[in-house]
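I have a structure here, written as structure tokens, and I will follow up with some questions on it.
The values are calculated or read from the model by the stated rules, or taken from the named source; none is laboratory data. It should be emphasised that the depicted structure is a prediction, and the values quoted were computed from it without experimental measurement. Every residue, glycine among them, receives a Cβ derived from its backbone with ideal geometry; neighbour counts consider all protein chains shown.
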Amino acid sequence: MRTALLDQLRCPFCGTRLALVDTGATVSDDHVVSEGVLGCECCAFPVVAGIPVLLADEATRTAMHALEAGRRADALQTLLGLDGERAARFQALQARISPATYRDMLDILSPDAEGRYFLYRFSDPTFVPAEAIVRTLGQSPSVAAGPILDHCGGSGHLSGVLAGLAPGGPPRPHTVVTDLHFWKLWLATQFTATAANAVCCNADAPLPFVADLFAMTVLMDAFPYIWHKRLCADEMSRVTRSDGVVLLPHLHSSLGENPSAGDPLSPLAYQELFAAHAPRLFSDRRVFDSLVDDAVVDLASNLSSDALGDEPSLTLVASRDDSLFRRHEAPDPPQPAEGVIVNPLYTMVARNGRSVLTLQFPTPEYAEEFEDCRRYLPIEVTIDADLTSRLNPTLIGPRYDDLRRRRILIDAPPRYC
């Protein structure tokens, strides 16, 4: 946690400022706090692995007491929810000479369907248009100038994109990712969004930030699963600047059919919740088709709530800046400094300097839910290169840009899988 974040944080319960408490638990270096205790006028909260945990539950209290007793490893494992065999596997991965990967840690921290979903996040057909939209909106001067919040950002895939939006410069250190689950944020800070600040907090409580802070506030996928939707919407509007953007990609609609739908609302209800920021609604299907077929991010074709009918999902973009709402050429992502990797949805056989990639979904359920990725991921592709290490344009040749655009090669961070 960068100490500058303290100027932006407020207690989610009493609303007062947070400050480091001198308990002997503070570990900091060069304006970055890795461990410590934060206090306000009502509570104390731990900072573990650089992540302030602004929750009031038993695990958080246990972790704070472990910190104060000098047991930093115990505090981390408590918040990661590890014990027994999983804790032993985690310790072994941390101790080995070759660094663990995101995939290694995900297998321990989330050994279920959610983990599979996260691993393949960079190419799923809900993430691809959301990434294109945030890259497009990130070109707006008002968004480019300010900090960005990725609320309920999971393990940081979109947060990493948001942190890299600063034009022509290094990743922005004032991008913030929040989530209720500490283990997801730990993965984000270790692998996918290392330049972002992470804050562990509950979306069913007030956001722990000052008002009018963020140039753009993003909440992807999770809103239908939040119970206190009105509070969450009001809080997102409160912390977003008056000239800023509120973006909710992939909102499930109660009028359509969705797997794992959560508790969705109607398009009109979503629109009314965010009325303070002049929201517009977009068909996810049309946004996806325009992007895949025409390489266009179409923010001109917003629809009324009635016109959306029984479409299963929609995207809400709220801003008073009318110049954003037009057809944009889909922006090319910047060249990754560390090269690209083969999409983990592909199995690979390398022989005689060539690589044959075959699309293989992890489960039939995944293949059904994310079947639209077949629009850009071919069943089989042969590449005249050995793809067993991190890749660069020189190695791949003239097909490099197209392979990246179609997510056959992905811009994953180092040590991803």
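Might you check whether a residue that is surrounded by 13 or more Cβ atoms within 10 Å (Cβ to Cβ), under 23 Å from the mean Cα position of the chain (by Cα) and touching a residue at least 40 places away in the same chain (Cβ under 8 Å) occurs anywhere in region 54-65?
yes
Give region 296-325 a look and list any residue that's over 22 Å from Asp124 (Cα atoms), touching a residue at least 60 places away in the same chain (Cβ under 8 Å) and not in a helix (DSSP H, G or I), or say none.
Ala318, Ser319, Arg320, Asp321
I've got another one for you. Among residues belonging to region 197-207 that are in a loop (DSSP other than H, G, I, E, B) and either out of contact with any Phe, Trp or Tyr (no Cβ under 9 Å at 6 or more places or on another chain) or hydrophobic (A, V, I, L, M, F, W, C) (or both), point out the one that is farthest from Lys229 (Cα to Cα).
First, pick out the residues of region 197-207 that are in a loop (DSSP other than H, G, I, E, B): 201-207.
If we keep only those that are either out of contact with any Phe, Trp or Tyr (no Cβ under 9 Å at 6 or more places or on another chain) or hydrophobic (A, V, I, L, M, F, W, C) (or both) too, we end up with 201-203, 205, 207.
On the way: Cys201: 15, Asn202: 12, Ala203: 9, Ala205: 10, Leu207: 13 Å.
Filtering region 197-207 for residues that are in a loop (DSSP other than H, G, I, E, B) and either out of contact with any Phe, Trp or Tyr (no Cβ under 9 Å at 6 or more places or on another chain) or hydrophobic (A, V, I, L, M, F, W, C) (or both), the one farthest from Lys229 (Cα to Cα) comes out as Cys201.
In addition: Can you pull out the residues in region 266-294 that are of a type in the set (S, T, N, Q) and closer than 22 Å to Met216 by Cβ?
Going residue by residue through region 266-294, those that are of a type in the set (S, T, N, Q) are 266, 271, 283, 290.
If the condition is that a residue be of a type in the set (S, T, N, Q) and closer than 22 Å to Met216 by Cβ, then Gln271, Ser283, Ser290 are the ones that fit.
Considering region 189-203 alone, what residues qualify as being more than 30 Å from Pro336 (Cα to Cα) and either at pLDDT below 95 or touching a helix residue (DSSP H, G or I) at 6+ places or on another chain (Cβ under 7 Å) (or both)? Give the steps one after another, and end with the answer.
First pass over region 189-203, keeping only residues more than 30 Å from Pro336 (Cα to Cα): 201-203.
The answer is Ala203, and nothing else.
Another question, then. Can you pull out the residues in region 403-417 that are touching a helix residue (DSSP H, G or I) at 6+ places or on another chain (Cβ under 8 Å) and not in a loop (DSSP other than H, G, I, E, B)?
Leu403, Leu409, Ile410
For region 221-232, check the following and say yes or no: at least one residue is under 30 Å from Pro414 (Cβ atoms) and of a type in the set (D, E, K, R). Steps first, answer last, please.
Going through region 221-232, the residues under 30 Å from Pro414 (Cβ atoms) turn out to be 221-222.
Within this subset, residues satisfying the condition of being of a type in the set (D, E, K, R) are 221.
The answer is yes; a qualifying residue exists.
Okay, next question. Restricted to region 21-53, and to residues that are outside any strand (DSSP E or B) and surrounded by 13 or more Cβ atoms within 10 Å (Cβ to Cβ), which residue is modelled with the lowest pLDDT?
It comes out as Ala25.
Could you run through region 281-295 and say how many residues are closer than 18 Å to Leu248 by Cα and either outside any helix (DSSP H, G or I) or touching a Ser or Thr at 6+ places or on another chain (Cβ under 7 Å) (or both)? Please lay out each step first, then the result.
Initially, region 281-295 is screened for residues closer than 18 Å to Leu248 by Cα, giving 281-288, 291.
Restricting the remaining residues to those that are either outside any helix (DSSP H, G or I) or touching a Ser or Thr at 6+ places or on another chain (Cβ under 7 Å) (or both) gives 281-284, 286-287.
Here the count works out to 6.
If a residue must be in a loop (DSSP other than H, G, I, E, B), modelled with pLDDT of 95 or more and not hydroxyl-bearing (Ser, Thr, Tyr), how many such residues does region 101-125 contain?
The qualifying residues number 2.
Please pick out the residue among Thr189, Thr178, Thr217, Thr194 that is of a type in the set (Ser, Thr, Tyr), on the phi < 0 side of the Ramachandran plot and in a helix (DSSP H, G or I). It would help to see each step written out before you state the result.
Details: Thr178 fails: in a helix (DSSP H, G or I); Thr217 fails: in a helix (DSSP H, G or I); Thr194 fails: in a helix (DSSP H, G or I).
Unique residue meeting the criteria: Thr189.
Here is a follow-up. Just for region 356-409: of the residues that are touching a Lys or Arg at 6+ places or on another chain (Cβ under 7 Å) and of a type in the set (Phe, Trp, Tyr), which one is farthest from Pro334 (Cα to Cα)?
Among those residues, the one meeting the criterion is Tyr366.
From Glu257, Glu235, which residue is at pLDDT 95 or above and assigned by TED's automatic domain parsing to the domain that holds Phe325? I'd like the intermediate steps shown before the answer.
Numbers: Glu257 fails: at pLDDT 95 or above.
After ruling out the rest, the residue left standing is Glu235.
Kindly indicate whether Gly15 is closer than 21 Å to Ala211 by Cβ and not in a helix (DSSP H, G or I).
Working: closer than 21 Å to Ala211 by Cβ: yes; not in a helix (DSSP H, G or I): yes.
For Gly15, the condition - closer than 21 Å to Ala211 by Cβ and not in a helix (DSSP H, G or I) - is met.
May I ask you to list the residues in region 362-417 that are among the hydroxyl-bearing types (Ser, Thr, Tyr) and within 25 Å of Ser98 (Cα to Cα)? Can you show your working first?
Of the residues in region 362-417, the ones among the hydroxyl-bearing types (Ser, Thr, Tyr) are 363, 366, 376, 382, 388-389, 394, 400, 416.
Those that are among the hydroxyl-bearing types (Ser, Thr, Tyr) and within 25 Å of Ser98 (Cα to Cα): Thr388, Ser389, Tyr416.
Something else: Under the condition of being part of a helix (DSSP H, G or I) and of a type in the set (Gly, Ala, Ser), which residue from region 54-68 is farthest from Lys184 (Cα to Cα)?
Going through region 54-68, the residues part of a helix (DSSP H, G or I) turn out to be 58-68.
Checking which are of a type in the set (Gly, Ala, Ser) leaves us with 59, 63, 66.
On the way: Ala59: 16, Ala63: 17, Ala66: 21 Å.
Among those that are part of a helix (DSSP H, G or I) and of a type in the set (Gly, Ala, Ser), it is Ala66.
Given the structure, is Asp293 acidic (Asp, Glu) and either crowded, with 21+ Cβ neighbours inside 10 Å or in contact (Cβ under 8 Å) with a residue 24 or more places away in the chain (or both)?
Details: acidic (Asp, Glu): yes; either crowded, with 21+ Cβ neighbours inside 10 Å or in contact (Cβ under 8 Å) with a residue 24 or more places away in the chain (or both): no.
Here the answer is no, as Asp293 does not meet what is asked.
Something else about it: Please verify whether Tyr400 is of a type outside the set (Asp, Glu), touching a residue at least 60 places away in the same chain (Cβ under 8 Å) and either surrounded by 19 or more Cβ atoms within 10 Å (Cβ to Cβ) or touching a helix residue (DSSP H, G or I) at 6+ places or on another chain (Cβ under 8 Å) (or both), treating the condition exactly as stated. I'd like the intermediate steps shown before the answer.
Details: of a type outside the set (Asp, Glu): yes; touching a residue at least 60 places away in the same chain (Cβ under 8 Å): no; either surrounded by 19 or more Cβ atoms within 10 Å (Cβ to Cβ) or touching a helix residue (DSSP H, G or I) at 6+ places or on another chain (Cβ under 8 Å) (or both): yes.
Taking the combined requirement at face value, the residue does not satisfy it.
Inside region 329-385, can you point out the residues that are under 26 Å from the mean Cα position of the chain (by Cα), surrounded by fewer than 16 Cβ atoms within 10 Å (Cβ to Cβ), in a strand (DSSP E or B) and touching a residue at least 24 places away in the same chain (Cβ under 8 Å)?
Within region 329-385, just Glu329 meets the criteria.
What number goes with the only condition from (1) over 30 Å from Arg286 (Cβ atoms); (2) assigned to a loop (DSSP other than H, G, I, E, B); (3) in contact (Cβ under 8 Å) with a residue 60 or more places away in the chain that Leu82 does not pass?
Against the list (1) over 30 Å from Arg286 (Cβ atoms); (2) assigned to a loop (DSSP other than H, G, I, E, B); (3) in contact (Cβ under 8 Å) with a residue 60 or more places away in the chain, Leu82 comes up short only on (3).
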